[in-house]
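For reference, the structure is listed below as structure tokens.
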Amino acid sequence: MTQIRIAIAGYGNLGRGAEAAIKQSPDMRLVSVFSRRDPASVTLLDSSVPVYAMDDIEQYQNDIDVLLLCGGSKSDLPEQGPQLAGLFNIVDSFDTHAKIPEYFTALDAPAKSAGKVALLSVGWDPGLFSLNRLYGEAILPVGETYTFWGKGLSQGHSDAVRRVAGVKSGVQYTIPSESAMARVRNGEQPTLSTREKHTRECFIVLADGADAEAVRSTIVNMPDYFSDYDTTVNFIDAHTFSEQHSSMPHGGFVIRSGVSGSDNAKQVLEFSLKLGSNPGFTSSVLVAYARAAYKMNQAGETGAKTVLDVAPGLLSPKTPAELRKELL
Ligand code: NDP
């Protein structure tokens, strides 16, 4: 079997998860990892895989079929995505929902002119949740769609708080409102504001000399991430942080509550995830979509794409005939 040659750009939680997910996929192999840090300081799970400096990435174009961009959405991907889309087939997990249309446009032109596929915003939300919102709307056009997240640690929001000046370590938990979820499951189709559906809670270790009130104010007023929610910021010491906030669980629900036409029957479509490790799962989604990006590019497709543009069968290592026989 010819294996798909995968590389990883950015080795944090997602990068590490992607390395492990590639190991579970016999049709792929990890050929290299790129980092902005000194390569000698980056330790992989598999020490036989080379780590190179991000500045040198251009010279490896012929060795890589798909590059997984595992940097943060707030400042890494907006800079790296458009540049790398002009060199490689890429897959990333850009999760700043409000900025996805402009990020799509920024990737589309370089990917098209390089003849590559740039698959953006892959993961669970955006990603698998987006697909289920689409299924719900398309199948039950008369109804309402609800997305609830958590309780869980949001990597995107944690990444954002860690970049606030004065923050030494930080995590953010998203908490769904139990009463709002009960009303939705009851078929009430309530109108819920962003603020009514979830709250956000941060646990922060301050850097020496940092001004707690300035940090709190920067976080709670951050547009796109916190300004539309009730956010509590807790300041804790480094020991408590490592004892109580080191794992990364998450999950959530997409619920479409609607009625079918002739019989006016109530129909509820629900998709849920209960994730022991958010980056472990997200990177597994990235790896499955890397397979699809490769196949799409092999078939002549180019430009920016999202999960909404990818046929499900392309995610599987099985042939279409095998899928028809085994899963249909
Ligand atoms: P991390 O903060 O762990 O890593 C981000 C980048 O920071 C890495 O690529 C790495 O780049 C750098 N980095 C990592 N560790 C260190 C370190 N010790 N010192 C200095 N730099 C370091 O972020 P995650 O991997 O947890 O998450 C990445 C993004 O994934 C999030 O911003 C979020 O947007 C997205 N995400 C999307 C989801 C979805 O459903 N779509 C779900 C979950 C996450 P380098 O190696 O170049 O230094």
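Across the range 45-71, which residue is nearest to residue 289 (Cα to Cα) among those that are part of a loop (DSSP other than H, G, I, E, B) and within 11 Å of the ligand (Cβ to nearest atom)?
At the first step, the residues of the range 45-71 found to be part of a loop (DSSP other than H, G, I, E, B) are 45-50, 64-65, 70-71.
From what is left, the residues that are within 11 Å of the ligand (Cβ to nearest atom) are 70-71.
Numbers: 70: 14, 71: 17 Å.
Applying the filter and picking the extreme gives 70.
Which one of these does residue 74 not meet: (1) in a loop (DSSP other than H, G, I, E, B); (2) modelled with pLDDT of 95 or more?
Of everything listed in (1) in a loop (DSSP other than H, G, I, E, B); (2) modelled with pLDDT of 95 or more, residue 74 misses just condition (2).
List the pairs whose first member sits in the range 147-162 and is farther than 15 Å from residue 199 by Cβ and within 8 Å of the ligand (Cβ to nearest atom), whose second member is assigned to a helix (DSSP H, G or I) and of a type outside the set (Ser, Thr, Tyr), and whose Cβ atoms are under 8 Å apart, counting only residues at least 6 apart or on separate chains?
155/13; 155/14; 155/278; 155/279
Residue 158: polar (S, T, N, Q), buried (at least 18 other Cβ atoms within 10 Å of the Cβ) and touching a strand residue (DSSP E or B) at 6+ places or on another chain (Cβ under 6 Å), yes or no?
Working: polar (S, T, N, Q): yes; buried (at least 18 other Cβ atoms within 10 Å of the Cβ): yes; touching a strand residue (DSSP E or B) at 6+ places or on another chain (Cβ under 6 Å): yes.
Spelling it out, residue 158 is indeed polar (S, T, N, Q), buried (at least 18 other Cβ atoms within 10 Å of the Cβ) and touching a strand residue (DSSP E or B) at 6+ places or on another chain (Cβ under 6 Å).
Specify the residue that is farthest from the chain's Cα centre (by Cα); the eligible residues are those in the range 80-98 that are farther than 23 Å from residue 29 by Cα and more than 11 Å from the ligand (Cβ to nearest atom).
Ranking the qualifying residues of the range 80-98, first place goes to 83.
Do any strands (runs of 3 or more DSSP E) entirely within the range 204-293 hold 3 or more residues that are within 15 Å of the ligand (Cβ to nearest atom), and if so, which?
On the way: elements: 230-235, 250-259, 266-275.
Fully inside the range 204-293 and qualifying: 250-259, 266-275.
Of these, 86, 71, which one is touching a residue at least 12 places away in the same chain (Cβ under 8 Å), in contact with a Gly (Cβ under 8 Å, 6 or more places away or on another chain) and more than 28 Å from residue 195 (Cβ to Cβ)?
Numbers: 86 fails: in contact with a Gly (Cβ under 8 Å, 6 or more places away or on another chain).
Result of the check over 86, 71: 71.
Report the residue count in the range 23-44 for those that are surrounded by 15 or more Cβ atoms within 10 Å (Cβ to Cβ), within 24 Å of residue 246 (Cα to Cα) and more than 8 Å from the ligand (Cβ to nearest atom).
1
What are the pairs, 6+ residues apart or on separate chains, where a residue within the range 39-53 that is more than 17 Å from residue 13 (Cβ to Cβ) has its Cβ under 6 Å from a residue that is within 14 Å of the ligand (Cβ to nearest atom) and of a type in the set (A, V, I, L, M, F, W, C)?
From the range 39-53, the pairs are 39/51; 39/53; 52/34.
The values are calculated or read from the model by the stated rules, or taken from the named source; none is laboratory data. A quick note: this is a predicted structure, and the numbers were derived from the prediction, not measured. Here the Cβ is made from the backbone with ideal geometry for all residues, glycine too, and neighbour counts use every protein chain on show.
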